[in-house]
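Data block below; observations after.
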Amino acid sequence: MSGAGIRAGVSGAGVRAGVSGAGVRAGVSPLVESERDPAGAIVAEEVPAGEGWIGELAAGAVLRIVDLCGNQAVDTLFFDAHDHSNRYSAVDTLREQGSAYLGLGSRLLALDGEPLVSIVADTCGRHDTLGGACSQESNVVRYGAHTRHMHACRNTFLLTALQWGGGLSKRDLSANVNFFMNVPLSSDGALEFADGISAPGRYVELLAERDTLVLISNCPQLNNPCNGYDPTPVRLLVWPAR
Ligand SMILES: [Zn+2]
């Protein structure tokens, strides 16, 4: 979340456009489509850019997040539904899987070391959990004082959590997943917010390994290429446990 070492790829020269470059697919996991039929989903909702969503997945349920228009970052937090203090741990997840990106087969671990959800289908290939969620503070540091009042994911997380009323508070907003967001890690260890590798209709599916609370901010960021400078809606589908 500090952002101090992140070179936001705002202007052309520093941006490694993520769509067609030869090296872009490096670190991309295999792409596997789902056989699940949207007609059988028990939840089918569209989340506009800048809006939030919160819901519980019973163990065995599957959540699909669809990047309807492409190049959209979907900031997401996970919690054990029965113990919100046992939340998603980015550092444990990356250490245990031995790689810096999330993709097919990634097990998203809680602080207790056991998975909350696993990625069981993916047509994007790479998802970020290093770049953090945008905030008013980080926007000011990166993009200038004039961005202070622009909407940011941490606002959406907090607003959605408080409106839900289930006991989450600001202190529960820790390191998150950015589905579809492209944050390449260079050989010298630098991070960059780059143009996306997703495209219209690509999706990721998450299997709940236990009863899991999911909190989403569909990112409104306009100051870096993570949303292609044009935040767009996503679609959520949930299937019950088989
Ligand atoms: Zn954001």
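Where a number appears in this text, it was derived from the coordinates with a stated rule and is not lab data. Just so you know, these numbers come straight off a predicted model, no measurement behind them. So basically every Cβ, Gly included, is an ideal-geometry build from the backbone, and we count neighbours across all protein chains shown.
Remarks
- Counting only DSSP beta bridges with both residues in the chain, the antiparallel share comes to about 95 percent.
- Amide hydrogen neighbours beyond the local backbone of residue 192, cut-off 5 Å, H modeled: none
- The range 93-103 - phi-based ³J(HN,Hα) in whole Hz, Karplus 6.51/-1.76/1.60, Gly and Pro as x: 4, 6, 4, 5, 8, x, 8, 8, 10, 9, x
- Residue exposure sequence - 154, 95 - by fewest surrounding Cβ within 10 Å: 95, 154
- Most fluctuating residue given options 89, 186, 135, as computed from a GNM of the chain linking Cα atoms under 10 Å: 186
- Sum of side-chain charges, residue 158 neighbourhood, beta-carbon under 10 Å (Lys, Arg +1; Asp, Glu -1): +1
- For the range 35-114, GluC sites (Glu not before Pro) are listed when DSSP marks them as loop and at most 13 other Cβ atoms sit within 10 Å of their Cβ; the list is 35.
- More than 19 Å apart - percent of Cα-Cα pairs taken over the range 97-164: 55
- Among 148, 64, 171, residue whose mean-square fluctuation peaks in a GNM of the chain (springs only between Cα atoms under 10 Å): 171
- Peptides 220-227, 206-213 ranked from most to least packed give 220-227, 206-213, packing being the mean of other C-beta atoms within 10 angstrom over each peptide's residues.
- Distant-in-sequence amide H partners of residue 197 (H built 1.01 Å from N, under 5 Å): 182
- Enclosing the Cα atoms of the range 157-239 in their convex hull gives a volume equal to 155 cubic angstrom per residue.
- The string of couplings for the range 199-211 from the Karplus curve (6.51, -1.76, 1.60, θ = phi - 60°) is 7, x, x, 5, 8, 10, 10, 10, 8, 6, 7, 7, 5 Hz, one whole number per residue in order, with x for Gly and Pro.
- Once C-alpha pairs closer than 8 Å and six or more residues apart are averaged by separation and normalised to the residue number of the chain, the relative contact order reads 40 percent.
- Built amide H within the under 5 Å cut-off of residue 43, gap 5+: 238
- The Cβ shell under 11 Å around residue 113 holds other residues with a net charge of -2, Lys and Arg each +1, Asp and Glu each -1.
- Choice from 55, 132, 103 with maximal GNM fluctuation in the chain (Cα, 10 Å cutoff): 55
- Proportion of all alpha-carbon pairs of the range 43-231 beyond 27 Å (%): 21
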